[in-house]
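Here the structure comes first, spelled out in structure tokens, and everything after it is commentary.
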Amino acid sequence: MPADTVDDLHELVLAQLDDDQAIEVVSIPLEGKSSVADFMVIASGRSTRQVAAMAQKLAEKVKQDGYGPARVEGLPAADWVLIDAGDVVVHLFRPEVRSFYNLERMWSFESGEAQAS
């Protein structure tokens, strides 16, 4: 995916999470550090219901805006939902599950920095 398209997808993800009132949104740039994706976005929802709704709306928005179908894993439990939109990977958690896995610390240590949005 061209860089400007990746940046547009990243902005779409951040905007949609903001619209859905995600909390503690963190974006970790991975370009040149991982072949997994160019960005990893980590966010929390207040409940499993909110996490599930955010994941479904985000996957629909990514497809609707022409980025292709996003893979969603972790529904219906919705403690931790992964949305793989290609060059942007999104992890949505309930707060206590997020603090248990602490992905930010693991990835920001490797990449050198994490950016709160």
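All of the numbers you see were taken from the coordinates with simple rules; none came from a lab. None of the values given here were measured: they were computed from a predicted structure. In this analysis, Cβ positions are derived from the backbone assuming ideal geometry, glycine residues included, and neighbour counts consider all displayed protein chains.
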*Estimated vicinal HN-Hα couplings, Hz - the range 40-56 in sequence order (Karplus 6.51, -1.76, 1.60; Gly, Pro = x)*: 10, 10, 10, 8, 10, x, 6, 8, 4, 4, 5, 4, 4, 5, 4, 4, 5
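Got a sec? How would 36, 89 order by Cβ neighbour count within 10 Å, fewest to most? Provide the component values of the computation, followed by the final result.
Values: 36 12, 89 22.
Fewest-to-most ranking of 36, 89: 36, 89.
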*Quick one: what do you get for the chain if you divide its Cα Rg by 2.2 N^0.38 Å?*
0.97
_In Hz, Karplus ³J(HN,Hα) per residue of the range 9-23 (6.51, -1.76, 1.60; θ = phi - 60°; x = Gly, Pro)_ = 5, 4, 5, 4, 4, 4, 5, 5, 5, 5, 4, 8, 6, 5, 10
*Rounded to the nearest 500 deg cm²/dmol, what is the calculated helix-only ellipticity per residue at 222 nm for the chain, with -39500 (n - 2.57) per DSSP H run of length n ≥ 4?*
-13500 deg cm²/dmol
*asked:* Less than 20 Å apart at the alpha-carbon level, and either on another chain or at least 8 residues along: which aspartates and glutamates does that give for residue 63?
replied: 4, 7, 8, 11, 18, 19, 20, 38, 73, 84, 87
*Give me 5, 48 ranked fewest to most by other Cβ atoms within 10 Å of their Cβ, as a rough exposure proxy.*
5, 48
_For peptides 66-74, 91-99, sequence by mean Cβ density within 10 Å, most packed first_ = 91-99, 66-74
